[in-house]
1. Along Cα→Cβ, 7 Å out, is where each label goes; now give me the distance between the ones at Glu363 and Glu382 in nm to one decimal.
2. When the scattering of region 363-458 is computed by the Debye formula from its Cα atoms alone, each counted once and equally, what is log10 I(q)/I(0) at q = 0.19, 0.21, 0.22 Å⁻¹?
3. For the pair Glu53 and Lys78, how long in nm is the line joining their label points, each one 7 Å along Cα→Cβ?
4. Taking the Cα atoms of region 231-271, report the difference between the largest and smallest coordinate on each principal axis, in whole Å and largest first.
5. Of Leu418, Val398, Val434, which is farthest towards the positive pole of region 385-437's charge dipole, taken about the Cα centre with +1 and -1 on the beta-carbons of Lys, Arg and Asp, Glu respectively?
6. State, to one decimal in nm, how far the label point of Asn27 lies from the label point of Thr124, with both points 7 Å from Cα in the Cβ direction.
7. Once you have the Kirkwood Rh of region 314-391 from its Cα pairs, apply Stokes-Einstein at 25 °C and 0.890 mPa s and quote D in µm²/s.
8. Using the structure shown, select from Lys368/Lys441; Lys30/Lys78; Lys118/Lys227 the pairs with a Cα to Cα distance greater than 23 angstrom.
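Quick note: the coordinates plus some simple rules give every number you see, no bench work behind them. Predicted model only: the values in this text are computed from it and were never measured. Virtual Cβ from ideal backbone geometry, glycine too; neighbours counted across all protein chains shown.
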Amino acid sequence: MDRQALGQTLTPRTIVSELDRYIIGQNDAKRAVAIALRNRWRRQQVPDELRDEIVPKNIIMMGPTGVGKTEIARRLAKLAQAPFIKVEASKFTEVGYVGRDVESMIRDLTEIGINLVKSEERETVRSHGRELAEERLLDLLLPPTPTHGHGFGDRDDDGATDDARDGTREKLRRMLKSGKLDDREVEIESQDRTLPVFENFSQSGMEEMVINISDMFGNAFPRRTRKRRVKVPEALDLLEEEEANKLIDSDKVIREAIWRVENSGIIFIDEIDKVSSREGGHGGPDVSREGVQRDLLPIIEGSTVTTKYGPVHTDHILFIAAGAFHVTKPSDLIPELQGRFPIRVELSALSCDDFVRILTEPENALCKQYTALMATEGITVEYAVEAVHEIASIAADVNQRMENIGARRLHTVMEKLLEELSFEAPDIGPQKIVVTAGYVKERLDAVLAQEDLSRYIL
C-alpha cells in the first residue's frame, strides 16, 4: 500500500481501534496521537504554499511507569510504517560535555529510515534477485568448461556438448527447486562486511568527526571478499541478497528515506522529566539539564542536521515526549521547550480491572504468550477466570505496597507463578494444566506473606 492510500485508510477512529488491540485504556492519549498522525496526512493534501507553514503539534505524555506511554508511540509508528526511534533524554549531555549530543537522534532516525525503505525495495526486486542468484548458483554447481576451437569439423560435436550441458543444467535447476541439493556444499565468494573500528567513536559525541569514516575507507581501498563453504540453501540466500542489493537504486532509497524521515518521522523522547529542573534548584547537575533542554530546542523547533546521507530538516518530525513527572512537572521545563509541546495528555495508573484485561484481551496478552511458550513443550495451559482475577489482584496489591511499576509487575508475577512449570515442562509433557485460583495462591501466598521476601522477589 502506498503512503497516500495508507494515509486515507488511517482515520483517527481506525488508529484508536488498532491501538486498542494492544493497549488497554488510556483513551485520551490514544486520541491525541491518532489526531497527530492523521494531521500528517492532512498536511500533504493542502496547497504547497501553506504546507510548509503547518508544523506538527508535539505531545507530552505524563503518567507513571508501565502504563503504556512507550507502547502507544511504538505501535503508532508501526501502524503508519514511519521511521521511529525511542531515545532517553537522560542519556544526552550538553554540548561540551562527554556523551551523546542531541543531533545523534536525527542521524539514528535517518539510518532507520534508510533501512526501512531498503527492506521495502528489496521485497520488490526479490523475485528477480532470486532468479539471478539461481543462475549464479548453477554456475557454481556446473562450472563452464573452456571451449577449444578445432576447425569447422568439430562444430557438430560442440553443439552436441552444449545441448548435453544445457540438459544437465536444467536437471540441476529442477533438483535445486525440489530441495534435492540442500545437503550439498558450494564455495562462494562474498563481500567482507567488517566495519572500521573507528565506528566505535560515535558513542562519545564525536559523530561529526567520523560521520563518513566508513565511506572514506570504502573508497580508498577495494572491497574485500572472502571465500566460504556453505550449504546450497544458505548460498542461495546470500547470493539473492547480493543480487537484490545490486538491483536497488541507492539514490532513490536515500531520497525516499529522507522524505519519510522529514515528513513522517516520529521521535519518542522518554524520561523528559529527568532533564527538567526542580523549582529553586541551583547549580549542580541542573545546569547540564537545562543545557540539554536548550540543545533539544532547535531540533524540535526545526533545524538542519547533517547526516552521511545528506542534510535532514527536522521542522516536520513529530516529537512525543514522556515522563512520570513524580518530582517535577511540565512547567519546570524551560518556557521555550514547553511551547513546542502544545498537547499534554495524562495517562492514568492501572487498576486491578485493567490488569485483568491486559492479561487476556490484547493480541499479545501475557496469558496468550505463556500458553504459546508452554505449547512448544507439549503442555496445554488454560487459565480459569478466577485465576486471572487473582493474578491481577496480586499485581495491583504489590504495586500499592511497593513501587508502582504498572503493567510490568504482571511480568514478574506471571514468571514467578509459572517458574516451576517452565522448569519441569520438558520432562512432564505432554499434558494439560489448568491454572486455578488455588494454583495461584499455592505458589504465591508464601512469597506475599513475607514482606521482605515479596519486596525482593515480586
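1. Going from the Glu363 label point to the Glu382 one covers 2.6 nm.
2. -0.92, -1.09, -1.17
3. Going by the 7 Å Cα→Cβ label model, 3.9 nm.
4. 47, 29, 9
5. Looking along the dipole axis, the top candidate is Val398.
6. 4.1 nm
7. For these conditions, the coefficient is 148 µm²/s.
8. Lys118/Lys227
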